[in-house]
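A short write-up of the structure that comes next.
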């Protein structure tokens, strides 16, 4: 603390209050007398279960697709790589509703791929699959960014030694690279899950809001805000608690120097 000027502490306290006060205000508005009744209603439980299922599937897709993407960005050099990285990370700064429109014009019935899929009898837009795709679209960059940083942090010396000893590239990846960056991979996957769980704009635009099919917990909160504010506040608190647990798990063993989980965590 002695190395930090007092004015820095003051500004940091203001920033902390800016984040915490809205949460405190929300908690103060919770109707605790009917809290359990509000969060266990049929529509609330259906929305929560749908969110957990779709977010889990989206996270699995992020891992399957994101690990190769991060490896390519961190371990290879090719023309256009400097352009590809910003494009991969674009959903981080892109308004979710714009992402939903992009997905709709790709997989919708009149979309780039949607017309072909429709001929084959496959309809994606406004289905549970659309929810998963929307969540994956916004969550994938979190895993790629986390894992790419982890790959760059550990370097390539151990991989080079394994290759020198005759290990095949796939063996090096499986036995050396992935174990070294496993903490970063876990952190990225958990953050991707949290982002998918809270996704709203892309889901509403691309998947709509059909109870039990596409109405996730954020959509349920938005609808309840107009008809039952108490239920909206109660469900918001549930989502906050889940988010805090997820982010806390992701950073419980974070290495302050690298921002990634310690290997002994």
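What follows draws every value from the coordinates through simple rules; no lab data is involved. Note that the coordinates shown come from a computational prediction; the quantities given were computed from them, not determined experimentally. Reconstructed Cβ throughout: ideal geometry from the backbone, glycine too, with neighbour counts over all protein chains shown.
When the chain is fully extended, how far beyond the present Cα-Cα distance does residue 244 get from residue 60, taking 0.36 nm per residue of separation?
64.2 nm
I need the shape label for the stretch 1-102. Rule: rounded when a/c is under 1.5, else prolate if a/b > b/c, else oblate, with a, b, c from the alpha carbon gyration tensor.
oblate
Between residue 109 and residue 7, how many nm apart are label points set 7 Å from Cα along the C-beta direction?
6.2 nm
What distance in nm separates the simple spin-label points at residue 43 and residue 24, each placed 7 Å from Cα in the Cβ direction?
Taking the simple label geometry, residue 43 and residue 24 are separated by 3.2 nm.
So if I take the alpha carbon set of the stretch 90-208, get Rg, then get Rh from the Kirkwood formula, what is the Rg over Rh ratio?
Ratio of gyration radius to Kirkwood radius for the stretch 90-208: 1.15.
What does the C-alpha gyration tensor say about the overall shape of the stretch 181-246? Classify as rounded when a/c is under 1.5, otherwise prolate if a/b is larger than b/c, or oblate.
Oblate shape, in that a/c is at least 1.5 and b/c is the bigger or equal ratio.
Just one of [x] 67, 65, 29; [y] 51, 43, 38; [z] 51, 38, 35 is Cα extents along the principal axes in Å as worked out from the coordinates here. Which one is it?
Among [x] 67, 65, 29; [y] 51, 43, 38; [z] 51, 38, 35, the one calculated here is [x].
Report the full-extension gain for the segment residue 87 to residue 209: residue separation times 0.36 nm, less the Cα-Cα distance, to one decimal in nm.
41.0 nm
Can you give me the Cα centroid spacing of the stretch 133-207 and the stretch 28-107 in angstrom?
So the two Cα centres are separated by 15 Å.
Can you bin the stretch 158-198 into rounded, prolate or oblate? Criterion: square roots of the alpha carbon gyration tensor eigenvalues sorted a ≥ b ≥ c, rounded for a/c under 1.5, prolate for a/b above b/c, oblate for the rest.
Here the stretch 158-198 falls in the prolate category.
What length, rounded to one decimal in nm, is gained on full extension from residue 228 through to residue 157, with 0.36 nm per residue of separation minus their alpha-carbon distance?
Numbers: separation 71, 0.36 × 71 = 25.56 nm, distance 5.83 nm.
Stretched fully, the residue 228-residue 157 segment lengthens by 19.7 nm.
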